[in-house]
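Visitor: Mind looking over this structure? Questions follow.
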Amino acid sequence: MRKLRTGECYALLASSENPLYNDIQITNNRTSGILCCILIGLTFLLFTALASAQSTGSKKRGNGQLAGLQLKIGDTVPEQFYSETLQIIDSTGATTSAAIAEWRNKRLVIIDFFGSTCGPCIAWLKKMDSLEIDSRAVIIPVTSESAEKTQHFLFRHSLKTFGVYGDSTIRGYFPHIFLPHQVWILDGKVAAISNGSKTDPQSIKAALDDGKLNFQTKTDINVDLAKHLASNPLIKFDDKLISSFNITSRIEGLNGRGYFQQEGKSIFYYFNGTINGIVQELAGIPFNQISIAKDASTRLLSPSSSDRYCLQAIRQGKLARDSLGKLLLPEFATQMDLIISHEQRNVPVFTITGASEVTNTQESDRIPIRLLMDELNYYASWAPGRPIYVCDNPELWIDGSLLDRPKIRQLRSDPGKLSKELEKMGLKVNSDTRTVRFLEISERGAS
């Protein structure tokens, strides 16, 4: 196989060394500018996903019992869809299995695909959580993320709703690339596919009472792909594209980050993010365990709006998110002229200790302490020098009904005040020195 580079992009394709792929045509152009190219892998996924979604019952390799039947607006939902089994979790960590058939008697079924890092998804789910849903309707939140991450997401945002986790089945029927993504099934037919921006109690009532849906059909990207591909031809591709790694400067109109699997490939994307943010997402460690070299440039120390980048990578095979991140991090560092170093440091930390088991609370209120630890160490933005919290007993359970999450976030930078708050839960905060894994970002050639 050979690696092709075009500016800051490359794609890995099969060559004459592999007789199965010997018809690939290549145009090699070096391009530049904010909209120099649309990510090769992104376009591959978009064209294959949307093209297949435009043909009724198109067959392709995929998930679901129908060998990847992909449904579009107007299609009747097949019986096999209702036999699919879902894995469900709530904010307390309680898990169960359920067949979609449990909701087939509902006149309106809204399948709401979400991600833990999708801002619009979070806003919609919070709004939904407070709604009084008509008994004729059901909203099913679905994510491909793990049970642990889904529970943490529901817990951190104080959501009472359940979540379908680890999904690949439902996505097989309704393929998509970007979130939010909502599918409305009315009277057993796919009635609408939207981005959720117009979903409210009035639209649900109109659908139930009058069968009216006035949504604009969602598209997965608001950049004219055909225009940019025509002006910046890179590679004539098809399903022979098996791997790619693409970086561009800021692309107006794109946002979000995520990971998913499709067609036997693992895809990671982060749009219009800072270098620090992309590194943190790939490395999978909290911002308070990342440091930047003092002699780094402003793109790291104080990035401006122009210091934003889009990254999308595709790798063959079904890789776990952590594994894919570790695989991509060195390549990102090379492309961006970074040096990423890992080291163990002896640093001041704050330990959380408490009783080994909660006995005086209801079962539904018991939560694992790791959710609290994530709350303490998680920062949505750059957070150098913030306190680091550790717990030596990861099996500890605490009373979640006593946990005031907004107040915890407010106090986590002040261990003294935090200690008083956690005393209400039978927990103690002590100072200590521990060996902690750190990641440092520096630049090649920095003086």
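Visitor: Please label the shape of region 75-186 as rounded, prolate or oblate, based on the square roots a ≥ b ≥ c of the eigenvalues of the alpha-carbon gyration tensor (a/c under 1.5 means rounded; beyond that, a/b larger than b/c means prolate, else oblate).
Guide: Details: a/c = 1.43, a/b = 1.34, b/c = 1.06.
Judged from the Cα gyration tensor, region 75-186 comes out rounded (a/c under 1.5).
Visitor: Another question, if that's okay. Of Lys218, Lys294, Lys407, how do they rank once you tally other Cβ atoms within 10 Å and put the fewest first? Numbers along the way, then the final one.
Guide: Values: Lys218 17, Lys294 8, Lys407 12.
With the fewest neighbours first, Lys218, Lys294, Lys407 line up as Lys294, Lys407, Lys218.
Visitor: Below 11 angstrom from the Cβ of Leu327, what's the summed charge of the other residues (Lys, Arg +1; Asp, Glu -1)? Walk me through the numbers on the way to the answer.
Guide: Details: positive: Arg315, Arg321, Lys326; negative: Asp322, Glu331.
Net local charge, Leu327 excluded: +1.
Visitor: Going down the list Lys160/Lys420; Lys294/Lys326; Lys160/Lys428; Lys318/Lys428; Lys149/Lys198; Lys218/Lys407, which pairs span over 30 Å between their C-alpha atoms? Walk me through the numbers before you get to the answer.
Guide: Details: Lys160/Lys420 27 Å; Lys294/Lys326 25 Å; Lys160/Lys428 28 Å; Lys318/Lys428 42 Å; Lys149/Lys198 27 Å; Lys218/Lys407 37 Å.
Flagged as over cut-off: Lys318/Lys428; Lys218/Lys407.
Visitor: Based on Cβ point charges of +1 for Lys and Arg and -1 for Asp and Glu, what charge dipole magnitude is obtained for region 74-210 about its Cα centre, in debye rounded to the nearest 20? Can you show the working numbers first?
Guide: On the way: 13 positive and 16 negative charges, 50 e Å.
It works out to roughly 240 debye.
Visitor: Let me ask something additional. In debye, nearest 20, what is the charge dipole magnitude of region 343-443 about its Cα centre with +1 on Lys and Arg Cβ and -1 on Asp and Glu Cβ, if you could check? Intermediate values should be presented prior to the final figure.
Guide: Numbers: 14 positive and 16 negative charges, 61 e Å.
Dipole about the Cα centre, nearest 20: 300 debye.
Visitor: Only four residue types carry charge here, +1 at the Cβ of Lys and Arg and -1 at the Cβ of Asp and Glu. Report the dipole size of region 269-422 about the Cα centre in Debye, rounded to the nearest 20.
Guide: Working: 17 positive and 18 negative charges, 79 e Å.
My answer is approximately 380 debye.
Visitor: Shape call for region 258-348 from the C-alpha gyration tensor, a ≥ b ≥ c root eigenvalues: rounded (a/c under 1.5), prolate (a/b greater than b/c) or oblate? Kindly include the intermediate steps, with their values, before the conclusion.
Guide: Values: a/c = 2.28, a/b = 1.46, b/c = 1.56.
Oblate.
Visitor: Further question on the same structure: Measure out, as a whole number of angstrom, how far apart the alpha-carbon centroids of region 100-154 and region 398-423 sit.
Guide: First find each Cα centre; the distance between them is then 28 Å.
Visitor: Share of antiparallel DSSP beta bridges in region 343-443, in percent to the nearest 5? Let's see the in-between values first.
Guide: Details: 15 of 17 bridges.
Bridges in region 343-443 that DSSP calls antiparallel: roughly 90 percent.
Visitor: Hey, another quick one. Could you order peptides 72-79, 278-285 by the average number of other Cβ atoms within 10 Å of their residues, highest first? Before the final figure, lay out the partial values.
Guide: Working: 72-79: 14.4, 278-285: 20.6.
Final packing ranking: 278-285, 72-79.
Visitor: All other residues with a Cβ under 14 Å from the Cβ of Phe438 taken together, and with Lys, Arg as +1 and Asp, Glu as -1, what is their net charge? If you can, show how the numbers build up before the last one.
Guide: Details: positive: Arg345, Arg386, Arg434, Arg437; negative: Glu343, Glu440.
So the surrounding residues net to +2.
Visitor: Under the classification rounded if a/c is under 1.5, otherwise prolate if a/b is larger than b/c and oblate if not, where does region 343-443 fall, given a ≥ b ≥ c as square roots of the Cα gyration tensor eigenvalues? Could the numbers behind the result be given before it?
Guide: Values: a/c = 2.04, a/b = 1.78, b/c = 1.15.
It is prolate, given that a/c is not under 1.5 and a/b is the larger ratio.
Visitor: Moving on to the next point. Could you line up Cys391, Cys121 from fewest to most neighbouring Cβ atoms inside 10 Å? Intermediate values should be presented prior to the final figure.
Guide: On the way: Cys391 17, Cys121 23.
Ordered from fewest to most neighbouring Cβ atoms within 10 Å, Cys391, Cys121 come out as Cys391, Cys121.
Visitor: Still on this structure, I have one more. Please order Trp397, Trp124 by the number of other Cβ within 10 Å, starting at the fewest.
Guide: Values: Trp397 19, Trp124 22.
By the 10 Å Cβ count, ascending, the order reads Trp397, Trp124.
Each reported figure results from applying straightforward, stated rules to the coordinates on display, with no laboratory input. Keep in mind the model is a prediction, meaning the values are calculated, not measured. Heads up, the Cβs are rebuilt from the backbone with ideal geometry, glycines too, and the neighbour counts pull from every protein chain shown.
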